[in-house]
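Visitor: For reference, the structure I am asking about is given below.
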Amino acid sequence: MRGKVRIQEIADLAGVSKFAVSRALSGKSGVSVQTREKILRVAGQLGYFKNNEPQRITGELQEFEDNKWDGTIVVMFPNLRYQNREHVYWGPVFEGVSSRLRQRGLDIITITEPSDDNVFKLLNPEAIQGIITIGTVSTQILLEIKKMDIPVVMVDHIDPVFACDTIFTDNFTSTQQMMMKLISKGYRKFQFVGCIKEAQSYLERWLAFRSTLESCDIVLHQDPMLIGPEAEDIFVLFEKYKPTDLPEVYVCAHDVNAQFLIEQLSKLNIEVPVDCAVTGFDNTCHTHPILATVNVNKELLGMRAVDQMLWRIQNPASAHEKKLIYADVVLRENYAYSLQHDGARDSVDAGT
């Protein structure tokens with residue numbers, strides 16, 4: 001409950017003043033956007049916003065299959081250049097959402113650039129059945145959505161300030177299985193590539209990557225630059241990153257990262273898979289030598305988000321749910337890095 005979370009607790013954990021916390025929580029000016037986001041996130045982690053959540057009930061649940069639906073669902077993309085309907089990943093997710101809504105007879109409103117809260121003033125909550133968000137959404141926008149008090153389902157995102165139903169690929173299990181396949185091939189030297197704070201899915205893939213190595217007693221010497229903020233953009237990363245001791249496998253957070261990584265390595269005369277291997281996730285790139293990826297059923301993610309939304313409308317008081325969609329690992333043996341090269345590389349190093 002809010003009364004049990006003190007302003008001073010939030011300030012201490014966020015590393016800011018009580019004044020900044022007070023301004024951020026009240027929505028007033030006087031703090032930067034970055035500081036406000038940090039304060040809201042910390043407050044959510046401490047449970048500050050949970051006092052407004054309705055009491056969850058147990059008992060008989062209602063099904064939606066036999067209902068005749070009408071009304072409108074809002075589908076929201078964040079204001080990011082790479083999260084839109086034309087994207088190789090997010091586009092199919094949106095198609096899954098829109099096709100399922102049409103199948104159910106529901107109308108759709110698409111919001112592609114909610115850069116501030118003004119867009120929500122144009123929406124009538126009484127005319128909207130619910131909101132489906134696709135991809136990363138800012139904390140401030142989520143707080144504005146929360147004020148509307150309507151069902152929300154988030155695809156591939158989670159935020160401690162706003163409890164709602166979520167739909168994810170089973171990132172942990174899929175990455176774990178991919179890593180076990182790589183380890184079974186004899187690979188032992190790895191580096192993860194991708195900003196692990198950029199998205200919940202990337203964090204889950206990183207945790208699976210690290211825990212699998214630990215369970216197999218493989219020591220990881222992770223370069224922190226490859227999982228830090230610089231790794232949000234591979235081109236920016238390679239302005240600083242100069243690979244010396246190459247891993248056997250670069251494990252990328254997603255296929256686009258893998259594609260750009262291969263291109264940047266090539267500019268340094270490091271050829272994939274001759275000098276090392278590269279893996280991805282999502283199965284969106286078929287033009288580059290990516291050794292392994294995970295085939296995410298992107299349309300299904302969107303369709304299941306709609307199913308969860310309709311179920312939530314029928315069961316508003318039930319506990320929030322996180323749905324995981326299983327995905328298969330794809331291994332392309334023709335893009336494998338030969339471990340014989342490691343022996344040759346060690347011989348050269350020993351001779352210098």
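Visitor: Mind checking which residues of segment 188-236 are among the small types (Gly, Ala, Ser) and in contact with a Phe, Trp or Tyr (Cβ under 6 Å, 6 or more places away or on another chain)? Don't jump to the end; show me each part of the working.
Guide: First pass over segment 188-236, keeping only residues among the small types (Gly, Ala, Ser): 194, 199, 201, 208, 211, 215, 228, 231.
Residues satisfying the conditions are 194, 208.
Visitor: (1) out of contact with any His (no Cβ under 7 Å at 6 or more places or on another chain); (2) crowded, with 17+ Cβ neighbours inside 10 Å; (3) assigned to a loop (DSSP other than H, G, I, E, B): which one isn't true of residue 282, the others all being true?
Guide: Answer for residue 282: the failing condition is (1).
Visitor: Hey, can you tell me all the residues within segment 87-133 that are of a type in the set (Gly, Ala, Ser) and at pLDDT 90 or above?
Guide: Matches in segment 87-133: 96, 98, 99, 105, 130.
Visitor: Could I ask something else about it? If residue 316 satisfies all but one of (1) within 19 Å of residue 225 (Cβ to Cβ); (2) touching a Pro at 6+ places or on another chain (Cβ under 9 Å), what's the number of the condition it fails?
Guide: So the condition that residue 316 fails would be (1).
Visitor: Applying the selection to segment 236-250, what residues are part of a loop (DSSP other than H, G, I, E, B) and in contact with a helix residue (DSSP H, G or I) (Cβ under 7 Å, 6 or more places away or on another chain)?
Guide: Step one: list which residues in segment 236-250 are part of a loop (DSSP other than H, G, I, E, B), which gives 238-248.
Across segment 236-250, the qualifying residues are 238, 240, 241, 248.
Visitor: Same structure, new question: Would you tally the residues in segment 23-42 being polar (S, T, N, Q) and either at pLDDT 85 or above or part of a loop (DSSP other than H, G, I, E, B) (or both)? Give the derivation first.
Guide: Initially, segment 23-42 is screened for residues polar (S, T, N, Q), giving 26, 29, 32, 34-35.
Going one step further and asking which of them are either at pLDDT 85 or above or part of a loop (DSSP other than H, G, I, E, B) (or both), we end up with 29, 32, 35.
So the answer is 3.
Visitor: Restricting the search to segment 144-160, which residues are in contact with a strand residue (DSSP E or B) (Cβ under 9 Å, 6 or more places away or on another chain), surrounded by 19 or more Cβ atoms within 10 Å (Cβ to Cβ) and outside any loop (DSSP other than H, G, I, E, B)?
Guide: 145, 152, 153, 154, 155
Visitor: Considering (1) in a helix (DSSP H, G or I); (2) surrounded by fewer than 19 Cβ atoms within 10 Å (Cβ to Cβ), say which one residue 175 fails and leave the rest.
Guide: Condition not satisfied by residue 175: (2).
Visitor: If we keep just the residues of segment 178-216 that are in contact (Cβ under 8 Å) with a residue 40 or more places away in the chain and among the small types (Gly, Ala, Ser), which is surrounded by the fewest Cβ atoms within 10 Å (Cβ to Cβ)? Lay out the reasoning, then the answer.
Guide: Narrowing segment 178-216 to residues in contact (Cβ under 8 Å) with a residue 40 or more places away in the chain: 178-179, 181-182, 185-196, 198-202, 205-206, 209.
Narrowing further to those that are among the small types (Gly, Ala, Ser): 186, 194, 199, 201.
Working: 186: 10, 194: 30, 199: 20, 201: 24.
Selected residue: 186.
The values are calculated or read from the model by the stated rules, or taken from the named source; none is laboratory data. Note that this is a predicted model, so its numbers are computed, not measured. Cβ atoms come from the backbone with ideal geometry, glycine included; neighbour counts cover every protein chain shown.
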